[in-house]
């Protein structure tokens, strides 16, 4: 249980939480049709900042003009500045940790670096610059878990505050739209040509939006500024159910499991509403309706904010928690803009008109690529008395370890294999053959996933678990430096030349770091939490702490965890199996 | 037509990374999805790109692919009738 002591939303609808609340309460939407924007040959419907607005706003901040921040960094800094001021927290205090949630960060720089240093597209680099702007001395935590990143970052913040010596966590979610991101979703045929219609029977796909959002969380209730209400993140859970990398299970196994965990011991009649992911794709909304039916939540109003902001990617989980908290504070459930005739696999109670409420809690649901599902329970006023699961984080045991580099692999039994090829891709195929794997999907994977799945196969075999038995108490925790940059560059090549512009869906699907964790979850049916963090280097102490935190806070008994990096043809993988 | 079927088989193997398969392994009358080659929804999207890139055929709706990708033969017939390059 942690406490929101200050927040902010920077979106095309406003620069503060209050401005955004006023806009959506008045029924405004940031979504517009665009053509000939961002170098895209086809029109699209999105929520974009007006050109130059971010710069204009940013110039009013006090900062060292020598540092040339990118758009996503400026948005993050603008958002965090206001949230920190609301919270009355000094960001330079060593008791403050920054947690940055983004899916693609500065990926637009792959088209043209525009004078920035070559490291700038790395997510850890942006996070460092943001934390440094505020004079914060700690290495920021970067969460990149596809669409669930914003909620996963809040789960991470709760752990940092509970098990580490931090008093405040500044959770920032931010993503900007670019040719890279929009062309990829267009290649998936997932975008709606009109304003999206979440939960509508005739829904036509999603809209994307850009935004940054920040919540400053405090460990102690006593740190809530005088006169402010008690806003509590009471519980959070992440469960994987990937059967295909492009999404969670149709029967909502993971989302249902995550919802059950956060509502454990909580009286659901106290829920004012459920704020769904509600992307307006046929599949997502059906899946969420099934989760709500299975969790007996079909009488609770459900809304989606996508018709106001679009899907804001890494910001979504943060932005939507802030807006939903405003709903509780204003005793009002927002309507689901775009939903005229509800129609989903299971019948749910879609909020089609604004509704009054006197209840003091909401459930946040979110799901995404890589099979990730997250649920959060947020309350306003006296927090629930639920017993915290917080067990002392002990030292987990390592059951097996495997390593893969550009030139060699070390198997769990100590056997060393050497590459006969100077080409790393070739070397990964050699390893596949050496292991005698029969998994044709391997050849469709990007190199990051190939390297990860090979190392996973080695350690899973070593403990007799390289099978398809359901492993509900197994999770995945991965770290790397390059996120999916290697694949990002491959994808960029498919859209770089306007004369040869053919965005590749099979490449784009791998342009998320956590897909490798999803591939592991699919192959071995791992149904616990999957988390993906980005850091400049492999810090084994931080890694072990993250593993211990998952054991302490979830039902996981085993974790497939490690460093899985692939960048510019260089492979660096160290995978372990930990036992609680 | 036979040439187009052969050409398509090679292209499908290449763009979908069907490792270890040769054109002879693909039955032009067998379904591409479900049983057959075990392709998935991302493969279907990639076939849509293939049609546009190599034959100048643009499908707006992924659902149109369902009929066209019934088999290599059906796909070849569609391409023959609609190709612009």
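The values are calculated or read from the model by the stated rules, or taken from the named source; none is laboratory data. Remember, predicted model here, so these are calculated numbers, not experimental data. Heads up, the Cβs are rebuilt from the backbone with ideal geometry, glycines too, and the neighbour counts pull from every protein chain shown.
Side notes on the structure shown:
- Verdict on residue A:2 being more than 29 Å from residue A:190 (Cα to Cα), within 21 Å of the chain's Cα centre (by Cα) and at pLDDT 95 or above: yes
- Test: residue in the range A:171-184 that is within 14 Å of chain B (Cβ to nearest Cβ) and modelled with pLDDT of 95 or more: yes
- Extreme residue, modelled with the highest pLDDT, among residues of the range B:33-58 that are within 12 Å of chain A (Cβ to nearest Cβ) and at positive phi: B:56
- Scan of the range A:264-296 for residues that are surrounded by fewer than 24 Cβ atoms within 10 Å (Cβ to Cβ) and in a loop (DSSP other than H, G, I, E, B), ordered by number: A:264, A:265, A:266, A:267, A:281, A:295, A:296
- Subset of the range A:523-541 (residues that are crowded, with 20+ Cβ neighbours inside 10 Å and assigned to a helix (DSSP H, G or I)): A:523, A:524
- Out of B:81, B:30, sole residue that is more than 14 Å from chain A (Cβ to nearest Cβ) and either surrounded by 14 or more Cβ atoms within 10 Å (Cβ to Cβ) or assigned to a loop (DSSP other than H, G, I, E, B) (or both): B:30
- Exactly one residue out of B:19, B:11, B:67 is touching a helix residue (DSSP H, G or I) at 6+ places or on another chain (Cβ under 8 Å) and within 9 Å of chain A (Cβ to nearest Cβ): that is B:19.
- For residue A:496, the conditions (1) away from every other protein chain (no Cβ under 14 Å); (2) within 30 Å of residue A:120 (Cα to Cα); (3) crowded, with 20+ Cβ neighbours inside 10 Å all hold with the exception of (3).
Table: residues versus (1) touching a residue at least 60 places away in the same chain (Cβ under 8 Å); (2) closer than 30 Å to residue A:96 by Cβ.
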position: A:17; (1), (2): yes, yes
position: A:27; (1), (2): yes, no
position: A:38; (1), (2): yes, no
position: A:59; (1), (2): no, yes
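- Residue satisfying all of: in the range A:22-40; outside any loop (DSSP other than H, G, I, E, B) and touching a strand residue (DSSP E or B) at 6+ places or on another chain (Cβ under 8 Å); surrounded by the most Cβ atoms within 10 Å (Cβ to Cβ) among these: A:23
- Only one of the numbered conditions (1) at pLDDT 95 or above; (2) crowded, with 20+ Cβ neighbours inside 10 Å; (3) under 30 Å from residue A:180 (Cβ atoms) is not met by residue A:444, and that is (1).
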